[in-house]
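Below is one structure, written out as structure tokens, with a few remarks after it.
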Amino acid sequence: MNAPVNPTGTESGEGARPLPGKALAASLREGTRAAVEAARKAGSAPKLAVVTATDDESSAWYVRSLVSAAEKSGLLHEVVHLGPKASTEEVRDALRGLGEDGSVHGVILQTPLPPGVDARALAEAVPAAKDVDGANPLSLGRLAAGLAAFAPATAEAVIALLDHYEVPLRGARAVVVGRSTVVGKPLAHLLLARDATVTVCHSRTRDLVEVTREADILIAAAGQPGLVTAEHVRPGAIVIDVGTNPTPDGGLTGDVDPGATRVAGALSPVPGGVGQVTTAVLLAHVVRAAQGTGIGGGPAGVREAVHLRSSLGSALRGGVFRRGPAMFHVKHRGGAKRRGGATDEPRTASRGACGRAPEPPRRVVTCV
């Protein structure tokens, strides 16, 4: 058993403990394979469709890797190549056709798109029930409103990774650096649904260091290599690096500077962290869509919709979900330590002011 890491502790000088995503991704894929096999035996097969309109090689590489992962999981798949000169109307027609195709359960619009083609407008053409990567603005709106929805896979992968290592979220101070609709904004809603106290920082945030150093859990998702340095990290904090920035040698680097390992209690690597989990979550979403347990399953409280064992539960049925060691605990200011996972306490319909004594005033920076 690994020694616990205290997110609010002091710098130990031992370096941050890595939080790799490989084992979690493998566990999720195993569950997806089992669910797909069961679906096939019942006479149906979940299917993912990807629409592309680019000759960008990095995009093509991602689509190939996604198709390969789908094949290994037993998912049916279809890639619709429209070419780099496709018009908005051509892309919209393809998306609508897949949306109306009863054999297709998940639809993704791959970017980049040709010049003049509006990805945000086209995302609305993906039915919310098949929007397995949370691209349709309706999905984000439902997520914010507390209704069942598919969250973007990367945002949900962050929650999955934290759950895997049993990082308690309830009452934790979480700071998200980045406010994109792909990661930052939906991730903030996912964290709020787990009773974290959430701050979202962005390019106009004043005194970024002051804000990020308040975090028990710091998530870097700004798309700027090396943005988060050691001075941004509270000693002992848990740091999740979502950045995937290309390097001149063809590799990837994250948004967190390597020097932060001297201060952080734990850090997810790039590559090998959130990215590995993202694809596994996406494929699990396709199974959920096929089983009607995503947005098509009807309204549900966002607390249930976004919790890992609920949102991915259908995909994992018949498979194995292996949780990581209980490594972390959060020391709440002015209160006793709470140990264990974030779901140890029963949920109630109403807890008044979050069911806790009021916290001291603090500055909250939100995206505007």
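The values are calculated or read from the model by the stated rules, or taken from the named source; none is laboratory data. As the structure is a prediction and not an experimental result, all values here were calculated from the model. For neighbour counting, all protein chains shown are included, and Cβ atoms are generated from backbone atoms with ideal geometry for every residue, glycine included. Accessible surface is based on the protein model in full, side chains and every heavy atom, while ligands, DNA and RNA are left aside. Shrake-Rupley method; radii C 1.70, N 1.55, O 1.52, S 1.80 Å.
Of the residues in region 98-118, at least one is open to solvent by less than 40 Å² (accessible area, probe 1.4 Å), modelled with pLDDT of 95 or more, aliphatic (A, V, I, L, M) and part of a helix (DSSP H, G or I). Scanning region 123-141 for residues that are farther than 27 Å from Ala45 by Cβ and outside any loop (DSSP other than H, G, I, E, B), which turns out most open to solvent (accessible area, probe 1.4 Å)? Within region 123-141, the match that is most open to solvent (accessible area, probe 1.4 Å) is Pro137. Output the residue which, of all residues in region 191-247 that are hydroxyl-bearing (Ser, Thr, Tyr) and outside any loop (DSSP other than H, G, I, E, B), is nearest to Arg17 (Cα to Cα). Restricting to residues being hydroxyl-bearing (Ser, Thr, Tyr) and outside any loop (DSSP other than H, G, I, E, B), the top hit is Thr212. Being open to solvent by 50 Å² or more (accessible area, probe 1.4 Å) and either in a loop (DSSP other than H, G, I, E, B) or among the hydroxyl-bearing types (Ser, Thr, Tyr) (or both) holds for only one residue in Pro84, Pro168, and it is Pro84.
Sort through Val263, Val182, Val228, Val274 and tell me the only one that's open to solvent by 10 Å² or more (accessible area, probe 1.4 Å) and under 30 Å from Gly141 (Cα atoms). Result: Val182 is the single residue among Val263, Val182, Val228, Val274 that is open to solvent by 10 Å² or more (accessible area, probe 1.4 Å) and under 30 Å from Gly141 (Cα atoms).
Does any residue in region 265-293 that is at positive phi come within less than 8 Å, Cβ to Cβ, of a residue that is part of a helix (DSSP H, G or I) and surrounded by fewer than 24 Cβ atoms within 10 Å (Cβ to Cβ) six or more places away or on a different chain, and which pairs are these? Hits for this filter: Gly272/Lys22. From the list Thr212, Thr253, Thr247, Thr197, the lone residue that is within 27 Å of Leu138 (Cα to Cα) and hydroxyl-bearing (Ser, Thr, Tyr) is Thr197. Can you name the residue in region 46-74 that is free of Cβ contacts under 8 Å to residues at least 40 places away in the same chain and not β-branched (Val, Ile, Thr) and is also most open to solvent (accessible area, probe 1.4 Å) among such residues? Among them, the one singled out is Trp61. Here Ala264 meets each of (1) in a helix (DSSP H, G or I); (2) of a type in the set (A, V, I, L, M, F, W, C); (3) at pLDDT 95 or above with one exception, condition (1).
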